[in-house]
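Structure record follows, encoded as structure tokens.
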Amino acid sequence: MEKFIIKGGSTLRGEVNISAAKNAVLPIIAATILCGDKCIIKNCPMLLDVYVITDVLKSLGAKININKINREIAIDTSGIIDSEVSSDLVRKMRGSFLIMGPMISRFGKFKTSFPGGCNIGTRPIDLHLKGFKALGAEVKLNHGYVEVSTTKLIGSKIYLDFPSVGATENIMMSAVLAEGETIIENAAEEPEIGDLAEFLNQMGAKITGIGTDTLKIVGVKNLNGISYEPIYDRIEAGTFMIAAGITKSKIKINGINKEHIRPVVAKLTEMGIGFEFKGQELLIDGRNDLKPIDIKTMPYPGFPTDMQSQMMSLLSCVCGTSVITETIFENRFMHVIELKRMGANIKIDGRSAVIEGINKLNGAEVKATDLRAGAALILAALEADGETEIYDIHHIDRGYVEIENKLQDIGVKIQRVKC
Ligand code: EPZ
């Protein structure tokens, strides 16, 4: 086991480079199953979740070559056969359920255990299954396994009751080789969906409506392997933006897509943080006194739920009353108890948290309960008086590439130690 020890109070300086997006890379790696060919993912973030999904593909017969130096992953899925994946692998990470769509597309059937993942909510898969059924597949659920089978996938119109990111991705990957045309209505519009669609189109798929809530997929006969570089991680970028705000610093962030991070920039601007964009670079100025605000998480282009906990750390240190309402996941306030150990004044009322900002948090021993909660505790530790020890940091390693090195490079006193 390992922990982070962070000494609060540093002013940040210099610049940080954002990695490619975890939530774009995971579905893209799953999609390589569709072509039965060689693909190269460039500038790939070397994250625990990436290793889990490549292990899943390896267990199915894919050849994987991970080059950590030049951050490239070569994937040859020609050798994949329709077999079962060990349930402990699939249960390790919810994102591994994204192989269901590609596997039924290529082999007409696949069986896997119910997906696991973060403990931020029940994380149902009913919309994924609704899509598979609409395309003509039979779905069986028993003994904790999901079995999907079909003789042929046939294009159809599917309305998503909720714009689910994973369901949109799984259905899109099921439709690209189906016979005829598929329309996904009320589709998720997160940038990572667009990046997957772009990857599929470069492999030879026919997807239109990218960036809207209605995706049209015309089935094709086959897809070819390509090289591809995913989009930057808008959540990592937002996390470092809040690092600048919470430490009253001015830093440069390289690897920004202004459109993808617009909702976060809008709210941080309301608080008084300064932004100067130059292409994919951002000069962010967090030195002003900041104002309290209200936040409501929504599907894209609303404020992202993956930035909710990080924003709560910032608002905990901004004098005045702020309210955060979490509408996406029903159990995504687990960071509140840990922030309160650091002196934060937060009251949970149903899906909302009322935050009375205080002048200074105090360093404490805290635990990362999930990926973004862990990021929030790092941010709180940057501002806190004294030392903070963060345990269970494997959660953080799932979604942030070498975060302690990136923070050290901009002046943070942080170390990773065995415990
Ligand atoms: C993706 O999860 C992301 N993960 C999550 O990021 C992110 O928080 C989430 O989208 C929302 O943006 C990856 O991309 C690997 P959803 P996903 O399906 O696909 C309901 C992180 O920190 N729902 O959009 O699981 C359900 O209520 C992670 O990087 C159904 O009702 O998200 C759920 O709460 C955490 N039925 C809500 O949608 C379904 O079949 C959002 O889920 C599916 C979802």
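The values are calculated or read from the model by the stated rules, or taken from the named source; none is laboratory data. Just so you know, these numbers come straight off a predicted model, no measurement behind them. In this analysis, Cβ positions are derived from the backbone assuming ideal geometry, glycine residues included, and neighbour counts consider all displayed protein chains. Accessible surface is based on the protein model in full, side chains and every heavy atom, while ligands, DNA and RNA are left aside. Shrake-Rupley method; radii C 1.70, N 1.55, O 1.52, S 1.80 Å.
Being surrounded by 14 or more Cβ atoms within 10 Å (Cβ to Cβ) and more than 23 Å from Pro299 (Cβ to Cβ) is the filter here, so list the residues in segment 150-167 that pass it.
Thr150, Leu153, Ile154, Gly155 - these are the residues of segment 150-167 that are surrounded by 14 or more Cβ atoms within 10 Å (Cβ to Cβ) and more than 23 Å from Pro299 (Cβ to Cβ).
Of the residues Ser10, Ser59, Ser19, which is of a type in the set (S, T, N, Q), within 16 Å of the ligand (Cβ to nearest atom) and open to solvent by less than 60 Å² (accessible area, probe 1.4 Å)?
None of the other options fit; the residue is Ser19.
Which of the residues spanning segment 358-376 are assigned to a loop (DSSP other than H, G, I, E, B) and within 16 Å of the ligand (Cβ to nearest atom)?
Result: Ala368, Thr369, Asp370.
Against the conditions (1) in contact with a Pro (Cβ under 9 Å, 6 or more places away or on another chain); (2) more than 27 Å from Lys22 (Cα to Cα), where does Val401 fall short? Just the number, please.
(2)
Would you mind telling me which numbered condition in (1) part of a strand (DSSP E or B); (2) open to solvent by less than 60 Å² (accessible area, probe 1.4 Å) Asn65 fails?
Only one criterion is unmet by Asn65, namely (2).
Give the residues of segment 126-146 that are within 10 Å of Ser156 (Cβ to Cβ) and open to solvent by 30 Å² or more (accessible area, probe 1.4 Å), sorted by residue number.
Result: Lys133, Ala134, Gly136.
Looking for whichever is touching a strand residue (DSSP E or B) at 6+ places or on another chain (Cβ under 6 Å), modelled with pLDDT of 95 or more and among the aliphatic types (A, V, I, L, M) here; the options are Ile184, Ile231. Which one fits?
Ile184
Just to check your reading of the model, which residue among Asn70, Asn43 is open to solvent by 10 Å² or more (accessible area, probe 1.4 Å), in contact with a Pro (Cβ under 8 Å, 6 or more places away or on another chain) and either more than 29 Å from Ile242 (Cα to Cα) or among the polar types (S, T, N, Q) (or both)?
Asn43
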